[in-house]
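S.K.: Let me begin by handing over the structure; questions about it come next.
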Amino acid sequence: MQLSPHKRGNVLPLPVVLISTISKAGIHNVAQWGNITPILRPLDEIVLATWLRRDTLDNIRETGEFVVNVPPAAMIEEVMICARNFLPEVDEFEEAGLIPRPSTAVAPPGIEGAVAWMECRLVEEITREKYALVIGTVVHLEVDDRHATAGGDVDFDAARPLCMVCGNDGIRFAYPTDTGRCALYSEMLAGKSTSMNE
């Protein structure tokens, strides 16, 4: 079956996160997000794509800070509420019944009950005609001890972090499972130069 190129989200699973920000007026904002990815593994930057008219983007522009919260599958109802389009003066923590979690390095709070929290500061905004790319540096990263292994990995079976796949009528939510297979980084680099310039 051939699909239109803009339906790439129908075949590409995306992570689901909740981005928390604070407006200049002190209003808490939480938005469900799927267009987000780390920028290369050895770096500490993350990029999110956004429409130009988003309260989240306005808040990031005004304050330069945001928190990426990784919700578990058990938080699906709260995620659904945060996906709605609320007015800027509405506190979405209150609307979704979320409990703020004090952050360590930034002003916006994280969300209690999340699998992990990435506290970020704005580095650069790349603006196009219809969208913007927001690049942030992760200044503090923390995983809930209930979902972390001794080595700092995430136990996916315990955490069940949300992901999504777009459909013709809406978004379907799921969560990853461990296949039991692991590709070691050393195996990926076997016989190849490790230079970052090649």
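S.K.: For the range 141-153, enumerate the residues that are farther than 22 Å from T50 by Cβ and either over 15 Å from the mean Cα position of the chain (by Cα) or not β-branched (V, I, T) (or both). Full working, then the answer.
M.R.: Our first condition is that a residue be farther than 22 Å from T50 by Cβ; within the range 141-153, this holds for 142-153.
Passing the criteria: E142, D144, D145, R146, H147, A148, T149, A150, G151, G152, D153.
S.K.: Then there is this: Mind telling me which of the residues T104, T56, T21, T50 ends up being farther than 14 Å from G136 by Cα and among the β-branched types (V, I, T)? Quick ask: steps written out before the conclusion?
M.R.: On the way: T56 fails: farther than 14 Å from G136 by Cα; T21 fails: farther than 14 Å from G136 by Cα; T50 fails: farther than 14 Å from G136 by Cα.
Step by step, each of T104, T56, T21, T50 is checked, and only T104 is farther than 14 Å from G136 by Cα and among the β-branched types (V, I, T).
S.K.: Which one of these is touching an Asp or Glu at 6+ places or on another chain (Cβ under 9 Å), more than 18 Å from M164 (Cα to Cα), of a type in the set (S, T, Y) and free of Cβ contacts under 8 Å to residues at least 40 places away in the same chain: S103, S20?
M.R.: Details: S20 fails: free of Cβ contacts under 8 Å to residues at least 40 places away in the same chain.
Answer to the check: S103.
S.K.: Any residue at all in the range 117-134 that's surrounded by 15 or more Cβ atoms within 10 Å (Cβ to Cβ) and more than 23 Å from L52 (Cα to Cα)?
M.R.: Scanning the range 117-134 turns up at least one residue that is surrounded by 15 or more Cβ atoms within 10 Å (Cβ to Cβ) and more than 23 Å from L52 (Cα to Cα).
S.K.: Can you spot a residue in the range 1-10 that is in contact (Cβ under 8 Å) with a residue 24 or more places away in the chain, surrounded by fewer than 16 Cβ atoms within 10 Å (Cβ to Cβ) and of a type in the set (D, E, K, R)?
M.R.: The first filter runs over the range 1-10 and keeps only residues in contact (Cβ under 8 Å) with a residue 24 or more places away in the chain, leaving 7, 9-10.
Those still in the list that are surrounded by fewer than 16 Cβ atoms within 10 Å (Cβ to Cβ) too: 7, 9-10.
Adding the requirement that they be of a type in the set (D, E, K, R) leaves 7.
Yes; the residues of the range 1-10 include at least one that is in contact (Cβ under 8 Å) with a residue 24 or more places away in the chain, surrounded by fewer than 16 Cβ atoms within 10 Å (Cβ to Cβ) and of a type in the set (D, E, K, R).
S.K.: Identify the residue in the range 57-91 that is under 20 Å from E119 (Cα atoms) and part of a loop (DSSP other than H, G, I, E, B) and, among all such residues, is modelled with the lowest pLDDT.
M.R.: Looking at the filtered set, the residue picked out is D91.
S.K.: Still on this model: Among the residues in the range 58-66, are any among the small types (G, A, S) and touching a residue at least 60 places away in the same chain (Cβ under 8 Å)? Full working, then the answer.
M.R.: Narrowing the range 58-66 to residues among the small types (G, A, S): 64.
Still in the list and also touching a residue at least 60 places away in the same chain (Cβ under 8 Å): none.
No: the range 58-66 contains no residue that is among the small types (G, A, S) and touching a residue at least 60 places away in the same chain (Cβ under 8 Å).
S.K.: Is at least one residue of the range 119-130 in contact with a strand residue (DSSP E or B) (Cβ under 6 Å, 6 or more places away or on another chain) and either of a type in the set (S, T, N, Q) or more than 22 Å from V47 (Cα to Cα) (or both)? Quick ask: steps written out before the conclusion?
M.R.: As a first pass, look at the range 119-130 and keep what is in contact with a strand residue (DSSP E or B) (Cβ under 6 Å, 6 or more places away or on another chain): 119-126.
Adding the requirement that they be either of a type in the set (S, T, N, Q) or more than 22 Å from V47 (Cα to Cα) (or both) leaves none.
No, because not a single residue in the range 119-130 is in contact with a strand residue (DSSP E or B) (Cβ under 6 Å, 6 or more places away or on another chain) and either of a type in the set (S, T, N, Q) or more than 22 Å from V47 (Cα to Cα) (or both).
S.K.: Please determine, by comparing only the residues of the range 149-198 that are of a type in the set (S, T, Y) and in a loop (DSSP other than H, G, I, E, B), which one is modelled with the highest pLDDT. Show your work before the answer.
M.R.: Restricting attention to the range 149-198, the residues satisfying the condition of being of a type in the set (S, T, Y) are 149, 175, 177, 179, 185-186, 193-195.
Now drop any that are not in a loop (DSSP other than H, G, I, E, B), which leaves 149, 175, 177, 179, 193-195.
Values: T149: 86, Y175: 93, T177: 86, T179: 88, S193: 54, T194: 50, S195: 50.
Within the range 149-198, the match that is modelled with the highest pLDDT is Y175.
S.K.: Mind listing whichever residues of the range 85-121 are over 12 Å from T21 (Cα atoms) and acidic (D, E)?
M.R.: Those that are over 12 Å from T21 (Cα atoms) and acidic (D, E): E89, E94, E95, E112.
S.K.: Say whether the condition of being assigned to a helix (DSSP H, G or I), under 21 Å from P161 (Cα atoms) and touching a Phe, Trp or Tyr at 6+ places or on another chain (Cβ under 7 Å) is met by at least one residue in the range 28-46. So that I can check it myself, show each step before the final result.
M.R.: The initial filter retains those residues of the range 28-46 that are assigned to a helix (DSSP H, G or I), namely none.
No; the residues of the range 28-46 include none that is assigned to a helix (DSSP H, G or I), under 21 Å from P161 (Cα atoms) and touching a Phe, Trp or Tyr at 6+ places or on another chain (Cβ under 7 Å).
The values are calculated or read from the model by the stated rules, or taken from the named source; none is laboratory data. Note that the coordinates shown come from a computational prediction; the quantities given were computed from them, not determined experimentally. A quick note on method: Cβ atoms are made from the backbone with ideal geometry, for glycine too, and the neighbour counts reach across all protein chains shown.
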